[in-house]
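Values quoted throughout were computed directly from the atomic coordinates according to the rules given, and no laboratory measurement underlies them. Just so it is clear, the structure is predicted and the values come from calculations on it, not from any experiment. Ideal geometry is used to build each Cβ from the backbone, glycine not excepted, and the neighbour counts take in all protein chains shown.
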């Protein structure tokens, strides 16, 4: 794989990893918010226990999704970093004393 392809693939993996983390967080927030959209009246709002139970049920899935996103981002950074050219060798000269 050429260095340019590695760099593009690495950046793509970083973006996908970060999006996966954001989606995991939004999913937990939507589950905590409850079904339906729009503002809720006082009678329709969810109790503390309902929100707590919904978040506790969705948390393990969100953690797995977040860690998967983190792994993708780290893998992408390593791939992107490996595409950099190596630093030039120092110029030969007299040995240091």
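Would you mind stating whether residue 72 is under 23 Å from residue 6 (Cβ atoms), surrounded by 12 or more Cβ atoms within 10 Å (Cβ to Cβ) and under 12 Å from the mean Cα position of the chain (by Cα)?
yes
Yes/no per residue for (1) in a loop (DSSP other than H, G, I, E, B); (2) touching a residue at least 24 places away in the same chain (Cβ under 8 Å):
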{"residue": "36", "(1), (2)": "yes, no"}
{"residue": "43", "(1), (2)": "no, no"}
{"residue": "49", "(1), (2)": "no, no"}
{"residue": "52", "(1), (2)": "no, no"}
{"residue": "68", "(1), (2)": "no, yes"}
{"residue": "72", "(1), (2)": "no, yes"}
{"residue": "91", "(1), (2)": "yes, no"}
{"residue": "94", "(1), (2)": "yes, no"}
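Quick check on my filter: what residues within the stretch 32-69 are surrounded by fewer than 12 Cβ atoms within 10 Å (Cβ to Cβ) and within 25 Å of residue 17 (Cβ to Cβ)?
57, 60, 64
Taking residue 21, is it touching a residue at least 60 places away in the same chain (Cβ under 8 Å) and assigned to a helix (DSSP H, G or I)?
Here the answer is no, as residue 21 does not meet what is asked.
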